[in-house]
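Below is one structure, written out as structure tokens, with a few remarks after it.
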Amino acid sequence: MPDSPQTGDEPLPEQSLFADYRYDPRFYDEMFEAQAAPREHCRDLWNVLDGMAPEEIAAMQERAERSFLQEGITFAVYGEEGAQERIIPIDVLPRIVDAATWDFIERGLRQRIRALNLFLADIYGRGRILSDGVIPVDMILGCPQYRIEMRGVSVPRGIYVALCGTDLVRTNDGFMVLEDNLRVPSGVSYMLANRGAMRAALNKLFRQYRVRAIEHYGNLLRQTLSELAPRAIADPCIVLLTPGVHNSAYYEHMFLAREMGVELVQGRDLLVHDGFVYMRTISGLRKVDVIYRRVDDDFLDPLAFRPDSQLGVPGLFYAYRLGNVVIANAPGTGVADDKSVYAFVPDIIRYYLSEEPLLANVDTHLCRNPDGLEYTLDNLENLVVKMVGESGGYGMLVGPASTPAQRDAYAKEILKDPANFISQPVLDLSCAPCLTEKGASPRHVDLRPFVLTGRETRLVPGAFCRVALVEGSLVVNSSQGGGGKDLWVLPE
Amino acid sequence: MLSRNAQGLYWISRYLERAGHGCRLVQIQYRALQDRTVQELDRTWLRLYRSLGREPLGGRLGSNRDDDDFLFADAYTLTDDLAFEPNNADSIRNCIAAARENARQVRNVIGNEMWTSLNLLYLGMRDLAVQDIWADRAGGFFVNTQDSIRGFFGIADNSMYRDNGWHFLQLGRFVERAQHMTALLDAQLEVFPTDRRHVERDWRSLLQIAFARVAYSRMKSLDFQPGAVIDFLVSDRLLSHSIRYSLEHISGSLDVVSERRPLAVGARRRAGRVAASLDYDWPNRDPGDDAATRATLGSIRDACRRLNEDIEASYFNYDIEDTPR
């Protein structure tokens, strides 16, 4: 081996991490611009990784996974027996984003969330966008996530969506928004946990890159929630409402409550009396001002929504309507991340902000329209079809990966209720090197940055970067076997 | 502090204390296996089972053959029952699992180190079976588990903020300890009545279970007289496993957590009353009257059980109508 650091022109030694890495020009590669030619900002990472012995890298991977299990950084997959606690696999090769790219993402997200909050205030208020015919009225009013109960409710600062986790993908054409996730987005704890593990594993490199910090997320979240408090209270009582330990994201709820220094409560810890919400403490009842809820709308309050809910608090919505407590996110935000409404977000941005959207949308065919339905059914094998109200990768058909029988069955489902489906082209998701048994191999990735909105909009420079661990797979959802990796945003 | 969190902390330490006590019982029993006769062992197994309020599998103890194979076959089955039996709610593994489940519920109020130590303890025994631990006569498993439990309390001791959460952890620990010590002493008197000729080792092992053997020799005597041993384990104020010591810690913690909670006076009063009776009535008892001693132990145990109910009703599941706001 030569003593000098390697450059892209030299052949790689057989045992090197990247010896078998195949650059594929069909997909944007996050690390390479050509075969064995790392992008400028990834060169140091490449040099260091390539200089490490395979055992060293394997040990690093093993350490990271063990630390996850020890700390109990687990999530549950619904519908799987015996899979109560599983760790989200972590991949130890970080993905790097340069300052200019991050700046663009950040501006795009700020623009999008501003428009979506205005949109929600409008459809639960005067409904101008509907009467102006920009969006079909029936699509909004018929959406199961539209909460008629929210009509006329005054929401502090007009902030319906205080927290969102937007899924972004990158193709050779640039970044696109895949989903907005405006209800109870999760993943932020994995972003922070991945960072913790990687900072320890690649300490020297981490310092050398001067990776921008994300650890203050808990502070920002608390500050954001404080700003939404119902009255001008100096130190509002904030709680995080979790469905409990059996929820797939319980680790995250616990983690965030601790980061913020607030109580982690379940429905049975809270009660409503005289229009105020209280929590049961060992020294009596204490008034609650802000609830960061990680419980779905349906289960928030059995008196207002699903009467069989065991997770919620009877009377909570009443207290909310009176303005005595703030619920973040507000009930009813799901209508804005419905997959058919998604298709209109560029129009929503133009309508409220008179600006062109910075982040592109994925081409979406609505099966509720005859054209869209016909196109979808004719091209099933080339499309990804999703149900409008579902998330987490449940209930979707990935055309190219499906069998004719699966497609036939799915087509029948679509025809039963076309308005419930949309289709999108299969996206050429970007790839990043991931550690596999054969060294580094390209795997498809996306990213989910988290946007907070209180008095102002705030983001930490980081994201939960999801990875499709199966070779060639495009499905990155944690519930479908995806993993995560750390995202390093570089300073200017 | 959220009631549910206080309850979680209280039960973490109750379950861990219970598991630790179970381990200690088996560990001391294993020492006996080294050199005692089958008949003697039967009696110490009986003491162990009676103190846990449990029937051995098959419903009875009592071997009638004086051979080693039989003896170890017995120990194997009983070890499995005490350590891993899924239907034994108080088995070591079930206790550790329950403690961990409670910890999972309150993870945001305990430190990472506390959680990690408990989580590792659980993960280490989750998939074990008795044959995995039998190779070293199972002793190592019980010793290591006790070490880990002590490790957990050590971390708590060194890292927890001394607010109400800490005191609920203390309460659980000492309420549990007071209860199992009364049960153990009662079982001892049942199996080894003081009026029969006593074998010193049966009383020495009792002291060993309570980590009191050395202290007893130093402070009292080298003669293990039943009455003196019982008295030491009940009323000594400086012995960490005596009933009196547990009551003192219960009272101390109740004082702190009831500071802003008048509802809880009942619990505090009950703990104080038992402690006072140990200070003033207990010394006047007839040490030879086992029935009277056992009746006293029974009433202490009863008081501890009601103390638990008081704590539940005052702090965790109180009625909303009579609560201060």
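The values are calculated or read from the model by the stated rules, or taken from the named source; none is laboratory data. Treat the numbers as computed from the prediction; the structure is a model and nothing was measured. Glycine gets a Cβ as well: all are built from the backbone with ideal geometry, and neighbour counts include every protein chain shown.
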Please specify each residue of segment A:200-223 satisfying the condition of being surrounded by fewer than 16 Cβ atoms within 10 Å (Cβ to Cβ), within 22 Å of the chain's Cα centre (by Cα) and of a type outside the set (S, T, N, Q). A:Ala213, A:Glu215, A:His216
One residue is enough: does segment A:224-239 have a residue meeting the conditions within 14 Å of chain B (Cβ to nearest Cβ), among the aliphatic types (A, V, I, L, M) and crowded, with 20+ Cβ neighbours inside 10 Å? yes
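Every residue, every condition in (1) farther than 30 Å from A:Cys143 by Cα; (2) surrounded by 14 or more Cβ atoms within 10 Å (Cβ to Cβ); (3) at pLDDT below 85, yes or no:
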residue: A:Cys42; (1), (2), (3): yes, yes, no
residue: A:Ala83; (1), (2), (3): yes, no, yes
residue: A:Ile96; (1), (2), (3): yes, yes, no
residue: A:Gly108; (1), (2), (3): no, yes, no
residue: A:Gln111; (1), (2), (3): no, yes, no
residue: A:Leu116; (1), (2), (3): no, yes, no
residue: A:Leu130; (1), (2), (3): no, yes, no
Report yes if A:Glu413 is at pLDDT below 90 and among the charged types (D, E, K, R), otherwise no. no
Sole residue being crowded, with 21+ Cβ neighbours inside 10 Å, of a type in the set (Ser, Thr, Tyr) and out of contact with any Cys (no Cβ under 7 Å at 6 or more places or on another chain), chosen from A:Thr457, A:Thr403, A:Thr436, A:Thr453: A:Thr453
Please go through segment A:331-359 and give me each residue that is surrounded by 18 or more Cβ atoms within 10 Å (Cβ to Cβ), touching a strand residue (DSSP E or B) at 6+ places or on another chain (Cβ under 7 Å) and either basic (Lys, Arg) or over 20 Å from A:Leu373 (Cα atoms) (or both), ordered by number. A:Asp337, A:Lys339, A:Val345, A:Leu359
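Do any helices (runs of 4 or more DSSP H) lying entirely in segment B:143-234 carry at least 2 residues that are at pLDDT 95 or above and within 21 Å of B:Asp289 (Cα to Cα), and which ones are they?
Details: elements: B:164-191, B:200-209, B:213-219.
The helices (runs of 4 or more DSSP H) meeting that bar are B:164-191, B:200-209.
Hand me the list of helices (runs of 4 or more DSSP H) wholly inside segment B:70-134 holding 2 or more residues that are within 14 Å of chain A (Cβ to nearest Cβ) and either at positive phi or among the small types (Gly, Ala, Ser) (or both).
On the way: elements: B:92-105, B:112-126, B:130-134.
Ranges flagged: B:92-105, B:112-126.
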Of the residues that make up segment B:290-299, is at least one hydrophobic (A, V, I, L, M, F, W, C) and either within 14 Å of chain A (Cβ to nearest Cβ) or within 19 Å of the chain's Cα centre (by Cα) (or both)? yes
If you check every pair at least six apart or on different chains, which have Cβ atoms under 7 Å apart with a residue in segment B:101-125 that is of a type in the set (Lys, Arg) first and a residue that is at pLDDT below 95 second? B:Arg104/A:Val245; B:Arg107/A:Met254; B:Arg107/B:Trp115
For B:Ser253: the one exception among (1) more than 14 Å from chain A (Cβ to nearest Cβ); (2) touching a helix residue (DSSP H, G or I) at 6+ places or on another chain (Cβ under 6 Å); (3) at pLDDT 90 or above: (1)
Only residues in segment B:226-249 that are within 10 Å of B:Ala212 (Cβ to Cβ) count as the first member; pair them with residues that are among the basic types (Lys, Arg), Cβ under 7 angstrom, at least 6 apart or cross-chain, and list the lot. B:Phe232/B:Lys220; B:Asp236/B:Arg244; B:His241/B:Arg177
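Conditions (1) over 25 Å from B:Arg18 (Cβ atoms); (2) in contact (Cβ under 8 Å) with a residue 12 or more places away in the chain; (3) charged (D, E, K, R), marked per residue:
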site: B:Ser253; (1), (2), (3): no, yes, no
site: B:Val256; (1), (2), (3): no, yes, no
site: B:Val265; (1), (2), (3): yes, no, no
site: B:Arg269; (1), (2), (3): yes, no, yes
site: B:Pro287; (1), (2), (3): yes, yes, no
site: B:Asp290; (1), (2), (3): yes, yes, yes
site: B:Ile300; (1), (2), (3): no, yes, no
site: B:Asn308; (1), (2), (3): no, yes, no
